[in-house]
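Q: Dropping the structure in here first, questions after.
Nothing in this text is a laboratory measurement; each read-out follows from the coordinates by a stated rule. All values derive from a computational prediction rather than experimental measurement. Virtual Cβ from ideal backbone geometry, glycine too; neighbours counted across all protein chains shown.
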Amino acid sequence: MNASLLEKLDNLPASPGCYLFKDHDGKVIYVGKALSLRSRVRSYFGRSGDSRAFIPLLDDLLGDVEVLLTGNEKEALILENTLIKKHRPRFNVMLRDDKAFIHLRLDSTQPYPRLEIIRRPRAGDSASTFGPYSSAASIRETLRIVNRHFQLRTCSDAELRNRSRPCLEHMIGRCPAPCVYEVPVEQYAQSVREVQLFLGGKGDELTSKLAARMQSASAEERFEEAARVRDQLRAVERSLERQRVVQDGSVERDIFGVHRSGPHLAIAVLLVRQGRLTDAQTFHFTKQEFPTEELLSSFLGLYYDGGASIPRQLLLPLAFDGMQALRDWLADRSGRAVQLLVPQRGEKLRVVEMANANAEQAAKEELSRGDDLEDTLARLERKLGLSRPPRIIECYDISNFQGTESVGSGVCFVDGRPDKSRYRRYRIRRVEGQDDFAMLYEVLTRRLRKGKATGELPDLLVIDGGKGQLNVALAALRDCEVPGLDVISLAKSRPLDQAQIVEGSATHSPERVFLPNIKDPIVLKQNTSELFLLTRLRDEAHRFAITYHRKLRDRRTLRSALEEIPGIGAARRRALLKRFGSVKGVREASAEELTGVSGISLALAERIAAILKGDKLHNAPYT
């Protein structure tokens, strides 16, 4: 360790704050917080008897230490969250983004409320919020039950006000169609209250009410209604059966479990509401050399800062420094007291051990997949004759429609998994007309020049296409003077002509891999992990390109529609976009909402709404 760094360690203040470990290039590799920066940072260098895994790395990696002082430990926790998100340090746990947390919002102040999917509850919102849900699959299952058995509307507010006839949901008996028919408000409000009980975890109260309604309807010989309520009751009971009762139902709890296998860390979160296990999530982190206590502390800050709902009680597998600061911060965010407990005995310890077991099992499965991945990458290296294992793979694709709104996409898989922080979108700047080869060349040269300047290039470059696209990629590599980078192209499976199909044989050609300087393509064995990895990468690049292309095309279509409306000039177009934030927002706004923009009369607003809602934006095919 150099003398200047030793001197800096000797002069650290005994104050709360955050510390940043940097490597010899000045890149932040770890962010931590402490009540006493002097004690915490110096503890990393106390060699006597210290067997922590990361200690031997410090001599080789550490180039500098920076500290930021705060007024107290709670401020240090908030600053730590911010710094981790900003620098994405190598040795910190990282949550990808707050989009992992999905909530349902129900505004019962409206006459005919609907369930909305939101990413993060809004501060000061009077509506009821339920969640978070850990995945799209879990929220789809919840919405399926609600739509089928409680029949709340699914259309937007604008559709509710402007629809002239019922939609398909009404025709199949899943919506009373308040957009068209006079639905009694009290009848609809009863469905809203039942949905609140269902989503709020008050299953026992809901089943009691439904059973009473069913009996009442049956006694009054309203058998059709009784049968409908019976189906509701059975659906709710099946949902409740899948949720294990884990503790006293009076307290909302999040239960955390941890499992450590060397540098691999798994954290399990069990969500308990009304005494029932409503959801479970597992998070995996690799190359985590720092102590488990510090990583768990950082994880909790990022987890709740990212949009997860805060319960009244957290059960933790181990204690760590800064628990009081975390408790105060959670209380400030939730507006009520929050308990942080590390159980030592009894029922609470049992459920923490259950969470630990979940983390251990998930870690074993993840590590097992990692072993398979090593084999997959080794087979790809061998079969394709690559110069190195393709741990970082990038794939590029082009999307356009008759040469308009042409875009390129680049996606990246690291160790076989999508790394969306490395995804890139490109608007074609120098090519006019429909010349996919020239567009691909432009995208690749822009990527390669930047990668050459920063030193950030993949192990393998995959191009969506055949031999022609591969030759374009090779030309881009030569012109950018990037030698030694492995590149292949992957041609899609296509239907065979009837003349090519032998009875009982395949009806589609196989996926083909084209390699530089080799005439015939390689056909990887079907249903193998290496082919699956390449096709997943190609399909993700295609999806990403089409999504961006559609967004640009929709925006251009709507702008064109706005320009063609009499009475809408450049100033009013700018005002509309400023007010509603995007072209989509203008299209979805009602006539009454449009009148809130300066210079838009009711008659003009109705004209805008009628024209824009008549646009058909997605009829054309995409390539």
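Q: Using a Förster distance of 25 angstrom, determine the FRET efficiency expected from the C-beta separation of residue 547 and residue 471, and round it to 0.05.
A: Values: r = 28 Å, r/R0 = 1.10.
Computed FRET efficiency for residue 547 and residue 471 comes out at 0.35.
Q: For the pair residue 332/residue 292, report the inter-label distance in nm, with labels modelled 7 Å from Cα in the Cβ direction.
A: Those two pseudo-labels are separated by 3.0 nm.
Q: Report Rg (one decimal) and Dmax (nearest whole number) for the stretch 565-612, counting Cα atoms only, units Å.
A: 9.2, 22
Q: Also: Just rank 260, 447, fewest to most, by other beta-carbon atoms within 10 angstrom.
A: On the way: 260 17, 447 22.
In order of increasing Cβ crowding within 10 Å: 260, 447.
Q: Oh, and also: Sorting 342, 28 on the 10 Å Cβ count, fewest up front, what's the list? List each step's numbers first, then the result.
A: Working: 342 15, 28 20.
Least to most surrounded, the residues fall as 342, 28.
Q: Please turn the phi angles of the stretch 466-473 into ³J(HN,Hα) values with the Karplus equation 6.51 cos²θ - 1.76 cosθ + 1.60 (θ = phi - 60°), one per residue in order, whole Hz, x for glycine and proline.
A: Coupling constants for the stretch 466-473: x, 5, x, 5, 5, 5, 4, 5 Hz.
Q: Applying a 10 Å radius around every beta-carbon, put 211-219, 226-234 in order of their mean neighbour count, most first. Numbers along the way, then the final one.
A: Numbers: 211-219: 14.4, 226-234: 17.2.
Highest to lowest by the protection proxy: 226-234, 211-219.
Q: Between residue 219 and residue 450, how many nm apart are label points set 7 Å from Cα along the C-beta direction?
A: 7.1
Q: What is the sum of charges, Lys and Arg at +1 and Asp and Glu at -1, for the other residues whose Cβ falls under 15 Å from the Cβ of residue 258? Provide the component values of the computation, followed by the final result.
A: On the way: positive: 260, 364; negative: 254, 293, 294, 353, 360, 366.
Once all neighbours under 15 Å are counted, the net charge is -4.
Q: Separate question: Net charge near residue 38, counting Lys/Arg +1 and Asp/Glu -1 over other residues with Cβ under 15 Å of its Cβ?
A: So the environment of residue 38 carries a net charge of -1.
Q: Provide the gained length on full extension for the span residue 601 to residue 339, in nm with one decimal, where the gain is 0.36 nm per separating residue minus the Cα-Cα distance.
A: Values: separation 262, 0.36 × 262 = 94.32 nm, distance 5.42 nm.
Net length gain for the segment: 88.9 nm.
Q: Based on the mean of other beta carbon atoms within 10 Å per residue, what is the order of 64-70, 483-489, most packed first? Please list the in-between numbers first.
A: Values: 64-70: 15.4, 483-489: 17.7.
The most tightly packed comes first, giving 483-489, 64-70.
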